[in-house]
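The values are calculated or read from the model by the stated rules, or taken from the named source; none is laboratory data. Keep in mind it's a predicted model, so treat the numbers as computed, not measured. With ideal geometry, Cβ positions are generated from the backbone for all residues, glycine too; neighbour counts draw on all protein chains shown.
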Amino acid sequence: MKNSQRPFAIRVSPLRSDYGVIFNGQGQPLKTHLNSDFKHWPTPLAQLLADDLNAMPTHADVRESLVFCLLSTFCEEENPSFELFVEDDLQWDAAYRLSDDEEIAEFQYESIEPLVRFLKDDWVTLPQNTCQNIEEMRLQEVDFVPGEIVNRWLTYTENFNQFQIYSVELLQSIFGGIHLSMILLWVGRKLSSEDLMKSSLFLSCSKEDLENRKFTKQEREDIAVFSVKLDALRQALYLLNNQS
């Protein structure tokens, strides 16, 4: 689904005057990722999505909009039942398994400072986990993330709504399964989009020069571009949480 049908605009919903329907530049209603009609959303949400789509390059796929991914999914899900698997997923979280290289580990530690501040004395770093599943961890006697940390996150996420839970799943699919704690902090509005991006580069060891805290010009551009997408998603979550 190429983003070549700009500009997207909203029209007042015939169902509710405070809701909007999104149309493309050819006057056709926006379709979901499964080619169904989009639901009618509160006007601020519909406008946010239209603005997000219009800001994308014309050659981009509309599914590159995180707001589109979120709203499109909930257009298709009649009875959403997304779940978090905190206890299991934390075992592969790189925030608790820093690099064996002390210099790299130092930068990784700096990049997760909001997490360390959140957990305080509960934060730990453990040996690397290369196992494929929990059972293999037990067989290989790999250290598990302590229960104190797991319980902190279970408490932290117990009131997450379905939109927030899906967003965690969405971001884990983008960033990979080793960034759960930082993503949870971001969803809880305790972490900036830029800080999440920077941390992901260090924790995944995908930064161009891991022994230098400075980012290249291309890395800075990538961080800025994706931070805008994250900020739009965060605004969508805020509006959904406060909709009447």
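For region 15-57, which positions are closer than 23 Å to LEU230 by Cα and among the hydroxyl-bearing types (Ser, Thr, Tyr)? Result: THR32, THR43. Within region 192-244, being hydroxyl-bearing (Ser, Thr, Tyr), surrounded by fewer than 17 Cβ atoms within 10 Å (Cβ to Cβ) and assigned to a helix (DSSP H, G or I) holds for one residue alone: TYR238.
Considering region 33-145, the qualifying helices (runs of 4 or more DSSP H), each wholly inside and each with 2 or more residues that are more than 16 Å from LEU203 (Cβ to Cβ) and aliphatic (A, V, I, L, M), run over 43-54, 66-76, 134-140. Which of the residues that make up region 153-173 are in contact with a helix residue (DSSP H, G or I) (Cβ under 9 Å, 6 or more places away or on another chain) and among the hydroxyl-bearing types (Ser, Thr, Tyr)? Residues satisfying the conditions are TYR156, THR157, TYR166, SER167.
Go through (1) more than 14 Å from the chain's Cα centre (by Cα); (2) surrounded by fewer than 16 Cβ atoms within 10 Å (Cβ to Cβ) and name the single condition ARG189 misses. That leaves (1) as the condition not met.
Quick grid of which residues meet (1) under 28 Å from ASP222 (Cβ atoms); (2) touching a Lys or Arg at 6+ places or on another chain (Cβ under 7 Å); (3) buried (at least 17 other Cβ atoms within 10 Å of the Cβ):
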residue: GLN5; (1), (2), (3): yes, no, yes
residue: ILE10; (1), (2), (3): no, no, yes
residue: LEU30; (1), (2), (3): yes, no, yes
residue: HIS59; (1), (2), (3): yes, yes, no
residue: LEU70; (1), (2), (3): yes, no, yes
residue: ASN79; (1), (2), (3): no, no, no
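Scanning region 34-55 for residues that are among the aliphatic types (A, V, I, L, M) and crowded, with 18+ Cβ neighbours inside 10 Å yields LEU45, ALA46, LEU48, LEU49, ALA50, LEU53.
Taking the conditions (1) in contact with a helix residue (DSSP H, G or I) (Cβ under 6 Å, 6 or more places away or on another chain); (2) within 20 Å of TYR109 (Cα to Cα); (3) hydroxyl-bearing (Ser, Thr, Tyr) in turn, SER227 satisfies each one other than (2).
Table: residues versus (1) closer than 15 Å to TRP92 by Cβ; (2) modelled with pLDDT under 95.
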site	(1), (2)
LEU139	no, no
PHE163	no, no
LEU180	yes, no
PHE215	no, yes
GLU219	no, yes
